[in-house]
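A.B. asks: What follows is a structure written as structure tokens; I'll ask about it next.
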Amino acid sequence: QVQLVESGGGLVQPGGSLRLSCAASGSIFGLVGMGWYRQAPGKQRDLVAYITSGGSTNYASSVKGRFTISRENGKNTAYLQMNSLKPEDTAVYYCNLDRTMTTYWGQGTQVTVSS
């Protein structure tokens, strides 16, 4: 069993930065990749960024050039560095971990971008 614990959300002004962390505990044998998704009120949960076990990354077009996903292998931790934040980035951000045939989700962390 894998547990994911997110941290780093909060309130930030437009143009500001935040770094989200996702710590995975338990066995991640068979890891395929880790990602960040977000869900705004009344909207579906969408992919923000993803990093494979081999280190390949992909981003939603709306965050390319502003957000960076990374993973610290020794600590089984994924990060999402978010720069130049905009009000439309406001959402609950969820960490995701894919193992072969199994997907795990964190509890979510709120990010609010507002002046």
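The values are calculated or read from the model by the stated rules, or taken from the named source; none is laboratory data. A quick note: this is a predicted structure, and the numbers were derived from the prediction, not measured. Note that we place each Cβ from the backbone using ideal geometry, even for glycine, and neighbour counts take in every protein chain shown. All accessible areas refer to the heavy atoms of the entire protein, side chains included, with ligands and DNA or RNA removed. Shrake-Rupley method; radii C 1.70, N 1.55, O 1.52, S 1.80 Å.
A.B. asks: Please enumerate, by chain and number, the lysines with C-alpha under 25 Å from the C-alpha of Lys43, excluding those fewer than 8 residues away in the same chain.
C.D. replies: Here the lysines satisfying the reach criterion relative to Lys43 are Lys64, Lys86.
A.B. asks: Can you work out the accessible area per residue across the chain, with the rest of the protein chains kept in place, probe 1.4 Å, in square angstrom? Walk me through the numbers before you get to the answer.
C.D. replies: Numbers: 5990 Å² over 115 residues.
For the chain, the per-residue accessible area is 52 Å².
A.B. asks: Please report the carbon-and-sulfur percent of the accessible area for region 69-115; probe 1.4 Å, protein heavy atoms only, DNA, RNA and ligands left out.
C.D. replies: Details: 1030 of 2280 Å².
C and S atoms contribute 45 percent here.
A.B. asks: Hey, what's the per residue convex hull volume over the C-alpha atoms of the chain, in cubic angstrom? Please list the in-between numbers first.
C.D. replies: Numbers: hull volume 10.9 nm³, N = 115.
Dividing the Cα hull volume of the chain by its residues yields 95 Å³.
A.B. asks: Charges at C-beta only: +1 for Lys and Arg, -1 for Asp and Glu. How large is the resulting dipole of region 37-78 about its Cα centre, in Debye rounded to 20? Don't jump to the answer; show the numbers that get you there.
C.D. replies: Working: 7 positive and 2 negative charges, 24 e Å.
Dipole size: approximately 120 debye.
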